[in-house]
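The values are calculated or read from the model by the stated rules, or taken from the named source; none is laboratory data. The structure presented is a predicted model; accordingly, all values stated were derived computationally and were not measured. Here Cβ is always computed from backbone atoms with ideal geometry, including for glycine, and neighbour counts include all displayed protein chains. Keep in mind that these areas ignore ligands, DNA and RNA; they rest on the heavy atoms of the full protein, side chains included. Shrake-Rupley method; radii C 1.70, N 1.55, O 1.52, S 1.80 Å.
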Amino acid sequence: MGKAKKLSRNSLVRVSALRGSLPTQVSAEASTILPSTKEHAIPLIKKLSSVNPKDRALATSAIANLIENPVIRRALLKERLVQTIIEQSLTDTSEAVVVEGFGVLRNLALEEGYDVCVFLWRKDILGVVSSYLGKIRTSIALLENSSAAQKTLLFNLIDNILSLLTSLGGSSDDICESIVFRFPDLPIFVLDILANSSIPDFVKVIAAENLYVLSESNATYIDKVQGSGFTLDAKLSVPVQMYMSGVEYNVFEASRTASIDLLDIVRSVNECLRAIDVREVFKIMQPTTVDGIVKPTAYDENYRAAQSSLASVQVGLELLTEISEVLVTRSQHGRQDRTVPHEDINDNDDDRDQMDIIEDDREILAEDETIGGVDDPVVGLLLEALLPVVIEFLEFRELRSRSLQSLNNMTWTFHSLLPDWGNSRAHSLWRRIFALLSSDDLDLDSRTSSVGILWACAKSKPLFVPEFSISDVRWLITAIQQAGDAPEAHEYKVRIVGLLGTLAIPHVDMDVTKEISIFLLTQVLAVQNKHPEIVIEALDAIYDIFGDKTYPFDHEIFIKGEFLNHLTNVQPQVKQMAKKIDRRKNLRLRTKADEVVVNLQRFIEYKINERK
């Protein structure tokens with residue numbers, strides 16, 4: 001189907017919270033000149049060893065800001081930046097240098113991801129962090145007697161360390177397990193921060209994000225959270241509440257506990273998304289240009305709050321994507337028990353409806369396979385309240401990929417659980433997504449999600465399908481041809497084949513159905529050069545299109561086009577395709593291939609008998 005896969009927490013596109021007393025930001029043009037990067041990098045690395053603590057702090061802060069630039073970052077890494085920070089900055093006598101040193105590592109982990117995270121782990125960065133967490137607890141206990149400068153250093157240190165742990169834990173299961181083992185009380189520490197009214201919001205946002213990321217599929221964390229008795233304060237900022245909704249969802253996923261109501265989680269996500277003025281967020285984050293020169297970004301309180309809001313919107317979209325998947329999965333638990341296996345069907349039962357035999361199981365939508373039907377409150381909230389919100393996010397390029405993934409899963413959920421989810425809604429969404437897909441500024445993942453949304457809309461057999469013209473068909477076929485043979489383009493092509501097959505059935509223009517049908521047949525005839533999923537999807541579509549001889553196009557397309565002869569001749573190759581799939585490596589695909597082979601034989605027999 002067209003569902004998006006479950007996302008890794010570390011795939012969340014977080015905007016680096018770069019901060020420092022020297023907010024240097026190099027333009028894109030200047031960053032491409034390697035000598036310019038050397039002029040920035042080498043002197044700063046040397047200044048980390050300066051005898052003057054103020055110079056060391058200034059250099060560390062500047063490096064933290066320069067890391068945002070990929071070319072400068074690579075130059076800094078070549079100068080053994082990570083080793084220098086660990087060996088010198090994190091052991092410095094100046095608290096300011098230590099704080100900024102953790103800031104450098106935090107930003108490197110955010111920007112570089114897995115490779116830097118694994119390197120830091122092997123350098124026992126967790127041992128260094130451990131030595132500071134005890135000091136942080138002591139400092140928090142003495143907050144009332146601390147000066148403003150001391151509080152600033154403490155809050156920035158907590159910010160940097162928790163963010164670093166978040167990136168480390170999100171990058172690898174092994175590192176996450178190490179964090180859980182080394183810091184068994186970390187979730188309680190984080191919850192205490194959230195409950196402490198003396199700690200500023202920007203620290204609580206990072207703390208909540210840390211808990212959200214590390215509590216995914218983490219039984220130890222889940223037990224700590226459930227046993228803490230923590231209750232969410234309504235006074236906490238929207239980003240913190242969004243992350244904590246994610247934590248509640250992690251608890252729900254891990255335990256399916258009755259005390260966690262999925263409807264409450266979706267309501268919270270809805271309220272948080274509606275409370276964020278995305279247009280204002282991007283206005284704050286928009287770089288300022290004076291006389292054609294981009295001014296350095298001021299990473300002040302407003303900017304940091306805008307970053308947190310943007311990240312929380314992305315978290316909300318991720319949660320909606322996963323919740324939509326969960327709703328369908330839960331509804332299908334009983335479906336497998338009720339479905340009659342193909343092997344148990346009596347081939348000699350002439351009275352059996354042949355189309356029931358060749359119908360793909362995933363298209364069977366019995367009443368008892370929905371979770372509460374149209375009245376289910378979670379699905380209803382997604383449809384009535386959240387669908388319009390997510391559609392509006394498409395306007396913003398930075399949110400478009402996440403929004404499309406979310407819409408993809410939401411629309412498939414509506415198709416599965418609310419088959420009559422609304423022709424007008426589907427029509428409006430179809431037009432918006434098709435126009436977006438026709439543009440040239442979408443990456444492959446976004447194009448794949450867009451086709452998935454169109455496919456889900458088309459599944460409802462809406463009245464607007466006649467708008468889909470033969471030129472649109474040819475455009476999609478060309479898109480498949482231009483996608484190439486790279487593995488990452490495979491899902492995109494499969495979804496286009498599925499979309500075209502769905503659109504062929506209700507179309508009033510026989511030329512459109514003919515164009516699609518011939519294309520589908522060519523995919524099957526080229527079975528030896530096509531990925532099995534493309535052949536399977538094409539055959540399933542052919543079964544649906546020509547499953548009834550009363551369709552007006554059956555004679556004009558199927559008979560005159562000699563489809564039966566072509567399918568009969570290609571049958572051995574289709575069987576061979578199925579046999580080549582190793583069921584130990586890909587049981588799902590092999591099962592689908594075996595089903596399509598059985599159905600091909602029955603379809604051929606059915607079409608022969610139909611004409612007798």
Given LYS151/LYS204; LYS123/LYS151; LYS560/LYS607; LYS459/LYS607; LYS204/LYS283, which pairs have Cα atoms separated by over 18 Å? LYS123/LYS151; LYS459/LYS607; LYS204/LYS283
Expected output is a single nm value to one decimal: the length gained when fully extending between ASP201 and SER471, i.e. 0.36 nm times separation in residues minus the C-alpha distance. What is it? 91.8 nm
Taking a crude spin-label model, label points 7 Å out from Cα along the C-beta direction, the SER130 to SER217 distance in nm is 2.6 nm
Using the beta-carbon distance between THR152 and PHE396 and R0 = 30 Å, what value does 1/(1 + (r/R0)^6) give for FRET efficiency, to the nearest 0.05? 0.35
Packing-wise, with mean Cβ within 10 Å as the measure, how do 317-326, 69-78 rank, highest first? 317-326, 69-78
Would you mind working out the accessible area per residue for region 528-591, using a 1.4 Å probe, and quoting it in Å²? 55 Å²
From the phi angles alone, apply the Karplus equation (6.51, -1.76, 1.60; θ = phi - 60°) to region 305-313 and give each ³J(HN,Hα) in whole Hz, x where the residue is Gly or Pro. 5, 5, 4, 4, 5, 4, 4, 5, 4
Derived scalar couplings ³J(HN,Hα) [region 197-213; Karplus, 6.51 cos²θ - 1.76 cosθ + 1.60; whole Hz; x for Gly, Pro]: 5, 7, 9, x, 5, 5, 6, 5, 4, 5, 5, 5, 5, 4, 5, 5, 5
Pairwise FRET efficiency - THR568 versus ASP509, Cβ, R0 = 25 Å, nearest 0.05: 0.30
Roughly to the nearest percent, how much of the accessible area of region 422-559 is carbon and sulfur, given a 1.4 Å probe? 49 percent
Report the calculated FRET efficiency for ALA435 and ASN145 (r = Cβ-Cβ distance, R0 = 56 Å), to the nearest 0.05. 0.40
Residue-level accessible surface for ILE86, protein heavy atoms, 1.4 Å, Å²: 30 Å²
Suppose each label sits 7 Å from its Cα in the direction of the beta carbon; what would the ILE42-ASN302 distance come out to in nanometres? 4.1 nm
For region 213-286, with every protein chain kept in place, what is the accessible area per residue (1.4 Å probe, Å²)? 49 Å²
Compute the Rg/Rh shape ratio of region 46-197: radius of gyration over Kirkwood radius, all on alpha-carbon atoms. 0.96
In Hz, Karplus ³J(HN,Hα) per residue of region 314-321 (6.51, -1.76, 1.60; θ = phi - 60°; x = Gly, Pro): 5, 5, x, 5, 4, 5, 5, 4
With every protein chain kept in place and a 1.4 Å probe, region 111-162 has an accessible area per residue in Å² of 52 Å²
Where TYR114, TYR221 fall by accessible area, highest first, once all protein chains stay in place (1.4 Å): TYR114, TYR221
Below 8 Å between Cα atoms, with a sequence gap of 6+, how large is the relative contact order for region 457-612 in percent? 19 percent
